[in-house]
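The values are calculated or read from the model by the stated rules, or taken from the named source; none is laboratory data. Keep in mind the model is a prediction, meaning the values are calculated, not measured. Cβ sites come from the backbone with ideal geometry, for glycine too, and all protein chains shown count toward neighbours. We work out accessible area using only protein heavy atoms, side chains counted, and drop any ligands, DNA or RNA first. Shrake-Rupley method; radii C 1.70, N 1.55, O 1.52, S 1.80 Å.
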Amino acid sequence: MHNVEIARRLEEVADLLEAQRANPFRVHAYRHAAVSVRHLAKPLAEIWREQGEEGLRAVTGAGERLATTLRTLVTTGRLPMLERLRGAVDPVAVLESVPGIGRVLGERLFYDFGIGSLEDLEAAAHDGRLHDLAGFGRKKLAGITDALAARLRRIPAELVYHAAEPSVEELLAVDREYREKAAADELPLIAPRRFNPRGEAWLPILHTQRGDRHYTALYSNTARAHEYRRTHDWVVLYYDGGLEERQFTVITAQWGNLAGKRIVRGREHECEEFSGRGKQDCPPVSRDLIVGVPLGT
């Protein structure tokens, strides 16, 4: 990508973050990086090839996380964060873009295993979760791992995937903040590009912070969420974990000991322990919020 195009995308991120009431310091960081990139005499891609992320930080003044954003733009031409802020994210399409993963397998990875990004997919490939999935033989897994390594080109996996994840208590607190503010009409609304032919701004978005973690929260706008009428129940939380962005989905449990309570998908056991200690995540979601937007609107 040319420096001018990279700068334009960084400026768009800053504009959207500002419109969506994100932390002003975060907005300023993206604007400052955009100005720096626009005035570089040398292509940012060339700086990346010669000096890596250290070079990106040196010429733009970016921190480690923003440097990772720049690396993603330079090496892939995509910026998932920008797509999400625009309301255009399709996690299944992202997974499907990896050679060896078709639509059916991409849907299974996302809906059944909570894998919604290339970073999540690479983590699952390294920690052994993909070994037990049908269709993932040794040769296919090696090909997917190589493809991800080429596209992501990051620091060694062992430096990333062992970063401490946020506690269930923290995730449920962000989920509660999002749903309470959404119900009170205190959040800006975006118009998602998927399943929204009339272009209506109906999807609340929250930018919040816990310690040094920046969170973005939105109701799920996936095909499955519409199919099961959970567009106002399933909440997707994106956060910057270590140097990489991660995500979790919080839902209302429909059965078992936690029925009616909010739980974090993939961390149900921790949620049960959290509930057993007398902690209350939040009251059950009212039925009118669960219904959400009808399929196809």
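Here are the numbers:
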{"item": "Residue in the stretch 14-24 that is closer than 16 Å to Ala67 by Cα and either free of Cβ contacts under 8 Å to residues at least 12 places away in the same chain or not in a helix (DSSP H, G or I) (or both) present", "result": "no"}
{"item": "In the stretch 201-215, the residues that are out of contact with any Lys or Arg (no Cβ under 7 Å at 6 or more places or on another chain), assigned to a strand (DSSP E or B) and of a type outside the set (A, V, I, L, M, F, W, C)", "result": "Pro204, Thr208, Gln209, Arg210, Arg213, Tyr215"}
{"item": "Filter pass, Pro80 being at pLDDT 90 or above and within 25 Å of Tyr178 (Cα to Cα)", "result": "no"}
{"item": "Subset of the stretch 25-39 [without any contact (Cβ under 8 Å) to a residue 40 or more places away in the chain, open to solvent by 20 Å² or more (accessible area, probe 1.4 Å), part of a helix (DSSP H, G or I) and not aromatic (Phe, Trp, Tyr)]", "result": "His28, Ala29, Arg31, His32, Val35, Ser36, Arg38"}
{"item": "Of all residues making up the stretch 211-224, the number that are touching a residue at least 12 places away in the same chain (Cβ under 8 Å) and either among the polar types (S, T, N, Q) or more than 17 Å from Leu17 (Cβ to Cβ) (or both)", "result": "7"}
{"item": "Selection count, the stretch 133-153, where residues are under 23 Å from the mean Cα position of the chain (by Cα), modelled with pLDDT of 70 or more and in a loop (DSSP other than H, G, I, E, B)", "result": "0"}
{"item": "Residue count for the stretch 1-15, restricted to those that are open to solvent by less than 40 Å² (accessible area, probe 1.4 Å) and not β-branched (Val, Ile, Thr)", "result": "4"}
{"item": "Hey, Asp212 out of contact with any helix residue (DSSP H, G or I) (no Cβ under 9 Å at 6 or more places or on another chain) and modelled with pLDDT under 85 or not", "result": "yes"}
{"item": "Subset of the stretch 250-274 that is in a helix (DSSP H, G or I) and surrounded by 18 or more Cβ atoms within 10 Å (Cβ to Cβ) - its residue that is nearest to the chain's Cα centre (by Cα)", "result": "Cys271"}
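Yes/no per residue for (1) among the acidic types (Asp, Glu); (2) surrounded by fewer than 22 Cβ atoms within 10 Å (Cβ to Cβ); (3) modelled with pLDDT of 90 or more; (4) part of a loop (DSSP other than H, G, I, E, B):
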{"residue": "Pro166", "(1), (2), (3), (4)": "no, yes, no, yes"}
{"residue": "Val174", "(1), (2), (3), (4)": "no, no, yes, no"}
{"residue": "Ala182", "(1), (2), (3), (4)": "no, yes, yes, no"}
{"residue": "Gly199", "(1), (2), (3), (4)": "no, yes, no, yes"}
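Listed here are the residues, each with its yes/no results for (1) open to solvent by less than 20 Å² (accessible area, probe 1.4 Å); (2) of a type in the set (Lys, Arg); (3) at pLDDT below 85.
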{"position": "Arg194", "(1), (2), (3)": "no, yes, yes"}
{"position": "Thr216", "(1), (2), (3)": "yes, no, no"}
{"position": "Asn221", "(1), (2), (3)": "no, no, no"}
{"position": "Tyr238", "(1), (2), (3)": "no, no, no"}
{"position": "Glu244", "(1), (2), (3)": "yes, no, yes"}
